[in-house]
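Working notes for the structure below.
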Amino acid sequence: MERAVKDESRGRLTKDGIRIYDSADFAGMHAAGRLAAEVLDAMADLVFPGQTTGEIDRVITKMVEDAGAKSATIGYKGYKHASCISVNHVVCHGIPGDKVLKDGDILNIDVTVIVDGWFGDTSRMYVAGKLPRKAERLIEVTHDALMLGIEAVKPGNTFGDIGHAIQSFVESHRMSVVRDFCGHGLGRVFHAPPNVLHYGRPGTGAVLEPGMFFTIEPMVNLGRPETKTLADDWTAVTRDKSLSAQYEHSVGVTETGVEIFTLSPAGKFHPTYG
Ligand code: MF3
Ligand code: CO
Ligand code: CO
């Protein structure tokens with residue numbers, strides 16, 4: 001059956017090319033976000049020394065299938081997996097495979113699902129075995145930076161306010177914000193305008209309006225911010241080999257503030273409860 005209105009032409013575009021969705025569209029994002037969060041809730045038990053990242057991805061693939069949903073990453077620009085799993089100095093887009101986790105490894109698991117055409121995109125940090133002290137600080141700061149960025153989401157604020165909240169907090173802890181990757185608009189598509197920068201100056205950039213849907217997904221390094229991409233054309237690593245962490249939520253701007261679509265139903269998003 002063909003829809004009367006093309007999904008991509010819902011709502012309207014701002015002068016910055018950012019789509020404004022209808023209030024009824026929040027329910028679709030909520031359902032997609034919840035599934036993505038449920039998948040991540042199940043991951044804590046799968047992360048332990050001796051486990052492979054490929055096995056974790058296999059379980060994610062099955063969970064998404066069993067939920068009657070689709071993985072947004074399988075087939076995306078030639079990517080073949082239902083998750084990105086980024087270990088230690090891998091910043092993002094780590095490819096699941098034969099890599100065996102060892103005690104003290106930290107990893108980000110990033111999952112994007114499609115439910116009824118809506119995209120839910122979220123990632124969290126996990127640890128195999130015992131969490132090393134300096135990794136603990138990095139993970140805590142990265143999580144708190146994301147949540148501070150989300151606190152800046154309300155109509156009338158700007159994207160620069162979000163970036164500034166994240167950058168100023170991270171740098172006050174003598175860590176660095178990755179510049180080479182950013183958050184993104186999403187909704188009926190995976191990646192749409194705007195680029196959501198995790199650094200910036202207050203009052204700059206596009207103004208937030210109710211009905212904007214986007215991700216915030218800061219990557220924070222213990223060392224310098226520069227990254228490089230490996231020969232597989234996906235895996236991004238820190239140039240100085242320092243540890244990197246990331247947290248990601250999909251959010252929507254409401255009339256009064258923000259709705260987080262990818263909240264953990266089990267309350268497990270924060271590192272302390274993972
Ligand atoms: N989920 C990632 C993001 O946050 C995108 C992964 S694309 C992939 O935008 F192809 F690498 F999976
Ligand atoms: Co994303
Ligand atoms: Co993601």
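Some points to look at:
- For segment 216-272, residues that are touching a Leu at 6+ places or on another chain (Cβ under 8 Å), modelled with pLDDT of 95 or more and open to solvent by 30 Å² or more (accessible area, probe 1.4 Å) total 2.
Okay, residues lined up against (1) modelled with pLDDT of 95 or more; (2) farther than 25 Å from residue 101 by Cα; (3) open to solvent by 10 Å² or more (accessible area, probe 1.4 Å):
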residue: 21; (1), (2), (3): yes, yes, yes
residue: 27; (1), (2), (3): yes, yes, yes
residue: 30; (1), (2), (3): yes, yes, yes
residue: 40; (1), (2), (3): yes, no, no
residue: 48; (1), (2), (3): yes, no, yes
residue: 51; (1), (2), (3): yes, no, yes
residue: 62; (1), (2), (3): yes, no, yes
residue: 78; (1), (2), (3): yes, yes, yes
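- Within segment 165-176, residues that are open to solvent by less than 70 Å² (accessible area, probe 1.4 Å) sit with their Cβ atoms under 8 Å from residues that are at pLDDT 95 or above and aromatic (Phe, Trp, Tyr), at 6+ positions apart or across chains, in these pairs: 166/199; 167/199.
- Against the list (1) without any contact (Cβ under 8 Å) to a residue 24 or more places away in the chain; (2) within 16 Å of ligand 3 (Cβ to nearest atom); (3) more than 15 Å from the chain's Cα centre (by Cα), the condition residue 152 fails is (2).
- If you go through segment 71-92 and keep only what is closer than 16 Å to residue 32 by Cβ and part of a strand (DSSP E or B), you end up with 71, 83.
- Members of segment 146-162 found to be in a helix (DSSP H, G or I) and either of a type in the set (Asp, Glu) or touching a His at 6+ places or on another chain (Cβ under 9 Å) (or both), listed by number: 146, 147, 149, 150, 151, 161, 162
- Listed by position, the strands (runs of 3 or more DSSP E) contained in segment 172-274 that have at least 3 residues being farther than 17 Å from residue 19 by Cα are 219-221, 227-229, 236-238, 244-246.
- Scanning segment 139-148 for residues that are in contact with a strand residue (DSSP E or B) (Cβ under 7 Å, 6 or more places away or on another chain) and surrounded by fewer than 22 Cβ atoms within 10 Å (Cβ to Cβ) returns a single hit, 141.
- Taken together, 26, 48 contain a single residue that is in contact (Cβ under 8 Å) with a residue 60 or more places away in the chain, assigned to a helix (DSSP H, G or I) and of a type in the set (Phe, Trp, Tyr), which is 26.
- Verdict on residue 203 being more than 16 Å from ligand 2 (Cβ to nearest atom) and not hydrophobic (A, V, I, L, M, F, W, C): yes
The values are calculated or read from the model by the stated rules, or taken from the named source; none is laboratory data. None of the values given here were measured: they were computed from a predicted structure. Reconstructed Cβ throughout: ideal geometry from the backbone, glycine too, with neighbour counts over all protein chains shown. Heavy atoms of the whole protein, side chains included, go into the accessibility calculation; ligands, DNA and RNA do not. Shrake-Rupley method; radii C 1.70, N 1.55, O 1.52, S 1.80 Å.
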